[in-house]
1. 5 Å is the cut-off here: which amide hydrogens, built 1.01 Å from N in the peptide plane, fall below it relative to Trp8, excluding neighbours closer than 5 in sequence?
2. Which one, Tyr106, Ile273, Phe69, is farthest towards the positive end of the dipole of the chain when Lys and Arg carry +1 and Asp and Glu -1 on their Cβ?
3. Grab the beta carbon distance between Ile298 and Leu251, set R0 = 30 Å, and tell me the FRET efficiency rounded to 0.05.
4. Given points 7 Å out from each Cα along the Cα-Cβ axis, report the Ile171 to Asn275 separation in nanometres with one decimal.
5. Based on the Cβ-Cβ distance from Arg344 to Asn261, what FRET efficiency comes out when R0 is 22 Å, to the nearest 0.05?
6. Region 246-338: which GluC sites (Glu not before Pro) are DSSP loop and have at most 15 other beta-carbon atoms within 10 angstrom?
7. Residue by residue through region 231-242, what is 3J(HN,Hα) from phi via Karplus (6.51 cos²θ - 1.76 cosθ + 1.60, θ = phi - 60°)? Round to whole Hz and write x for glycine and proline.
8. Amide H to amide H, which residues 5 or more places from Ile266 or on other chains are under 5 Å from it, using H placed in the peptide plane?
Amino acid sequence: MEIGSEFWIEKDSYEINYELLPSWLSRFGDTVLTSSGRGAISLLLQQIDPKYKTVLLPAYICDSVILPFDEQGYECYFYEVDKRLSPKTGSIKSYKNIGVFLHMGYYGFFTNANLLKVLQDLKEQSVIIIEDITHTLFSKFKRYELNDYYIGSIHKWFGIPSGGFIASDIIVKQDLLDPPNEFINLRVSSLQQKFEYMKSKKKSLKDAYLAGFRKAEQLLDNDTGIYRIDKTSDMIIRNIDIKDIENSRRLNFEFLLKHLNDIRGIEVIFKNIENNVCPMFFPIYVRRDRDKLRSDLITKEIYCPIHWPIPNQLVGYLNSTIKNISDSILSIPCDQRYCIDDMRRIINSIKELI
Ligand SMILES: Cc1ncc(COP(=O)(O)O)c(C=O)c1O
């Protein structure tokens, strides 16, 4: 079985069942579900009136987070993070006249645990504080009370056609459009085709869903519009069993940790996993030629994404730490679709290839 890449959904595996919003989301405050994380950021930017139209973002970031700020005419600045993916507080303090500050934990870990004093200082300067909890959605550590807003992308955790959100104690006004049909239909059909492919291994299905996902991604790339979540995703979110998500990911992560920790040629980024962490992936640094290892793993049907290629907005501004992270990091899948045998296959493949 192939490991990694897009999730799938079973046809009609969901029922019309309007449960309340689950506590894993409602614990962050009043929540509005959107069709994407970038849409949630756009919605947020409609609500706020910061002192300066500037945003300070981590330099280790996905370009789709920068996009809505860019489009709304914000000047974007970037602070440094270190090799363990923690923000460098000195870098944050070196910026003045900031209107919005965004921080995040990576891969499920509380890598932003060193920010209390920084956030207090920013708050005193009336800076609006956002935490992007895309990576830490299911981790249970306590969040900063100084956060004004939470935003995130949900579709990275399980199979849904679309999904992002904004949450806050400050009421978020919402006047959302329906998501574009073309995008949702493409995502639904591709997710279902992938499900069929995983059962039948029919090559034509694979070609079809890959083309579908690609087209849907292109549509999303060019659209920071503010849309409500589609009905299918909304239903899945309200009914999903997150215990299974948390348990499987933690077990898989622990197994990878035990067996990949001492392999020469790679460096494990998080060497232990506290009880309150739900990991997104198992990230490693590959000491030499990450791209070759990645493509060799693909020949064994193991698909590891890279978080993230350097966004265009950052080219030319980067220090060597971020460049090294981006050039050598590899995210190994450890999600709820897989069991220990799958993790064993990944470990054996890496040992053989490295
Ligand atoms: C940390 C983070 N936040 C937000 C987003 C935007 O999410 P979406 O793809 O749902 O727009 C991404 C996308 O990769 C992300 O990695």
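None of the figures in this text is laboratory data; all of them are computed from the coordinates on show. Nothing here was measured: the structure is a model prediction, and the numbers come from that model. FYI the Cβ positions are ideal-geometry reconstructions off the backbone, even for glycines, and counts take in every protein chain you see.
1. Residues meeting the criterion, in which the H sits 1.01 Å from N, are Gly159.
2. The one lying farthest along the dipole's positive direction is Ile273.
3. Efficiency at R0 = 30 Å is approximately 0.75.
4. Those two pseudo-labels are separated by 3.9 nm.
5. Efficiency computed from Cβ-Cβ geometry: 0.90.
6. On the way: sites: Glu246, Glu254, Glu267, Glu274, Glu301; in loops: Glu274, Glu301.
Passing sites in region 246-338 are Glu274, Glu301.
7. 5, 4, 5, 4, 5, 4, 4, 6, 10, 6, 8, 7
8. Arg287
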